[in-house]
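Taking it in order: structure first as structure tokens, then the write-up.
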Amino acid sequence: MNGHELSIAIQNCLTVFPEYADELGDLDQALGDGDLGITVSLGAQAVIDALLQLPPESKPTEVVLACAKAFANANPSTMAALVAGALLAGSRVWGDAESIDSEMVNKFALAAAESISQRGKSQVGDKTILDAMFPAAEALRETNSGADRLDAAIEAAERGVITSKELQSRRGRASWLQDRSIGLQDPGATAFLRFLQSWKASNTPSRAAVS
Amino acid sequence: MKKIINEPKDFVDEFVDGILLAHPALLKAIGQDRRVLVRADAPVSGKVGIVTGGGSGHLPLFKGYVGRGLCDGVAIGNVFSSPSSAQILEATKAVDGGAGVLYLYGNYGGDVFNFDLSIDMAELEGIRTRTVLGRDDVASQPKERAADRRGVAGIFFAYKAAGAAAERGDSLDEVAAIAEDIIEHTATMGVGLSPTILPTTGKPSFELADDEMEIGIGIHGEPGIHRGTLETADEIAEHLTERLVTDLGISAGDRVAVLVNGLGATPLEELYLLYRRTHQILEAKGIAIAKNYVGEYATSLEMAGASISILTLTDDRLALLDAPAESPFFREV
């Protein structure tokens, strides 16, 4: 996949992703301050606008950096800053490459999750986005065959979302609820799952909006 | 609670407003929420920018040290709360003169989290940053764990030296190295005699009996090493100074700078009692005080108490302390 193809895939995904904004906003309302819906809808639009400005010959890293900058500035929040930092960390793995393969996607996913872990001082089990990201990154690494990779990642992320429901939130505003957070679904982990599902739904040949 | 305030929720915005009205020639606000202040001539082209920040309630820390020869910008949090990463980024962009930006602030979890997030966003804007943490409070961790210590009044020395280095045109790496060098050779310890009262809650941060003091207290009312019977000024000076001398490993022939800092509700007279005894103790040990500061440099709202900071000097460090500086709260001519 070259930079232009990556840009198109991201735009397709982010056209669908805001359909989940209300769900994510409601989950965040129960555990945090409820701004995740806005972060997702404003962020998705800002990223699409930024990608439309990029020249088609942009490298994959340049595409990702444009996404990170647009997302961080669209609705400044801790979540937006963590995601921007994660994209930055992932893009470093790609360097100047003209196109990316499965192996590079795996490395990107792991570097992105590790960035959030380090900046947010969180691990799997703290009931954060990492409960979906790390298992998904692991599933990508273990799945070789092209068609099944995204399905495996989605399945792993979904398991993470379900498992973390019964955990207590350890980081951010949600941690203030202490044991009242048990049983509630984590909005960050859910957002990551919905992003993967949006990618699948929008980038399968029958539904691709742009090509 | 007895305070001269209006609506508690407006406390921070209103004192920031007051500072801006009082010092329009020295400072300007950035952003709609006015929680970022920068020196009036920012950005200074070609100069390393220095951004600090943290919770409110410590004036002159942190916003008092924005000015020529000091920091370039500050991100202002609520009382005892970190500013957001977006505010820190705003400060970063406003002071970047093309030579990079040093983040210099106290070692507290919330501040570290938000400044670290801003590092990535600054990089996306093409601004290189370095980070140096104030961690001078010897009471907060033993020497083996000095990297985990809290930052308190001693960060003033780092502002002064790093600010002077940036002003004379040092590179980002050089300014960061100077800030790090100062922090490594600075030690602070304080005593608290009465609690802080947060404007929003109206409640004291801790309780102390009339004849008690908290030794090794933090600037948010964090507990110290132990609680003891209130001592005389001379005894307090002796205990604090001995601990600092040991921690820094200084002895006869060394030169130092001394900062006696009031925590908010202790009169200058009492601070000079502490300075007097500190001076006598160091003199008796053959340690020369080449530079001294007595007054309020890092407070904790209306907490009564004081801290003593000592910086081991070299010719280079002293020259940086002696360089000119000007902010609404501090001047060196």
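The values are calculated or read from the model by the stated rules, or taken from the named source; none is laboratory data. All values derive from a computational prediction rather than experimental measurement. Every residue, glycine as well, gets a Cβ built from its backbone with ideal geometry; the counts of neighbours run over all protein chains shown.
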**Asked** On the given criteria, is B:Val44 more than 14 Å from chain A (Cβ to nearest Cβ), hydrophobic (A, V, I, L, M, F, W, C) and either closer than 30 Å to B:Asp148 by Cα or in contact with a Leu (Cβ under 6 Å, 6 or more places away or on another chain) (or both)?
**Response** no
**Fill in**
The residue from A:Ala111, A:Ala44 that alone is in a helix (DSSP H, G or I), within 14 Å of chain B (Cβ to nearest Cβ) and either surrounded by fewer than 18 Cβ atoms within 10 Å (Cβ to Cβ) or of a type in the set (A, V, I, L, M) (or both) is A:Ala111
**Prompt:** Can you spot a residue in the range A:60-79 that is under 15 Å from the mean Cα position of the chain (by Cα), in contact (Cβ under 8 Å) with a residue 12 or more places away in the chain and away from every other protein chain (no Cβ under 14 Å)?
**Reply:** no
**Prompt:** List, please: which pairs have Cβ atoms under 6 Å, are six or more places apart or on different chains, and start with a residue in the range B:23-51 that is touching a residue at least 24 places away in the same chain (Cβ under 8 Å) and within 16 Å of B:Ala75 (Cβ to Cβ) and end with one that is in a strand (DSSP E or B) and among the small types (Gly, Ala, Ser)?
**Reply:** B:Val36/B:Ala75; B:Leu37/B:Ala29; B:Val38/B:Gly73; B:Val51/B:Gly73
**Prompt:** Take the residues of the range B:203-220 that are acidic (Asp, Glu) and at pLDDT 90 or above: which is nearest to B:Gly57 (Cα to Cα)?
**Reply:** B:Glu214
**Request:** Considering only the range B:104-124, state which residues are touching an Asp or Glu at 6+ places or on another chain (Cβ under 8 Å) and surrounded by fewer than 17 Cβ atoms within 10 Å (Cβ to Cβ).
**Result:** none
**Asked** Which condition number in (1) touching a helix residue (DSSP H, G or I) at 6+ places or on another chain (Cβ under 9 Å); (2) on the phi > 0 side of the Ramachandran plot is the one that B:Lys63 fails?
**Response** (2)
**Item:** Condition check for B:Val66: surrounded by fewer than 20 Cβ atoms within 10 Å (Cβ to Cβ), of a type outside the set (Asp, Glu), in contact with a Leu (Cβ under 7 Å, 6 or more places away or on another chain) and touching a residue at least 40 places away in the same chain (Cβ under 8 Å)
**Value:** no
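For the range A:91-104, how many residues are crowded, with 20+ Cβ neighbours inside 10 Å and either more than 14 Å from chain B (Cβ to nearest Cβ) or over 21 Å from A:Ala191 (Cα atoms) (or both)?
Just the residues of the range A:91-104 that are crowded, with 20+ Cβ neighbours inside 10 Å, to begin with: A:91, A:94, A:100.
Checking the rest, the ones that are also either more than 14 Å from chain B (Cβ to nearest Cβ) or over 21 Å from A:Ala191 (Cα atoms) (or both) come to A:94, A:100.
Looking only at that region, the number is 2.
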**Message:** Is it the case, given these coordinates, that A:Leu87 is closer than 20 Å to A:Asp28 by Cβ, within 14 Å of chain B (Cβ to nearest Cβ) and among the hydrophobic types (A, V, I, L, M, F, W, C)?
**Reply:** no
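Looking at the range B:106-154, which of the residues that are in a helix (DSSP H, G or I) and in contact with a strand residue (DSSP E or B) (Cβ under 6 Å, 6 or more places away or on another chain) is nearest to the other protein chains (Cβ to nearest Cβ)? Can you show your working first?
Looking only at the range B:106-154, we keep the residues that are in a helix (DSSP H, G or I), and these are B:109-124, B:143-148.
Now drop any that are not in contact with a strand residue (DSSP E or B) (Cβ under 6 Å, 6 or more places away or on another chain), which leaves B:111, B:115, B:119, B:122.
Numbers: B:Asp111: 13, B:Phe115: 11, B:Ile119: 8, B:Ala122: 10 Å.
Ranking the qualifying residues of the range B:106-154, first place goes to B:Ile119.
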**Item:** Lone unmet requirement of (1) more than 29 Å from A:Leu88 (Cβ to Cβ); (2) surrounded by fewer than 20 Cβ atoms within 10 Å (Cβ to Cβ) for B:Phe156
**Value:** (2)
**Fill in**
The residue that is farthest from the other protein chains (Cβ to nearest Cβ), considering only those in the range A:114-129 that are buried (at least 19 other Cβ atoms within 10 Å of the Cβ) and in contact with a Lys or Arg (Cβ under 9 Å, 6 or more places away or on another chain), is A:Lys127
**Item:** the range B:221-261, residues that are surrounded by 19 or more Cβ atoms within 10 Å (Cβ to Cβ), in contact with an Asp or Glu (Cβ under 8 Å, 6 or more places away or on another chain) and modelled with pLDDT of 95 or more
**Value:** B:Asn261
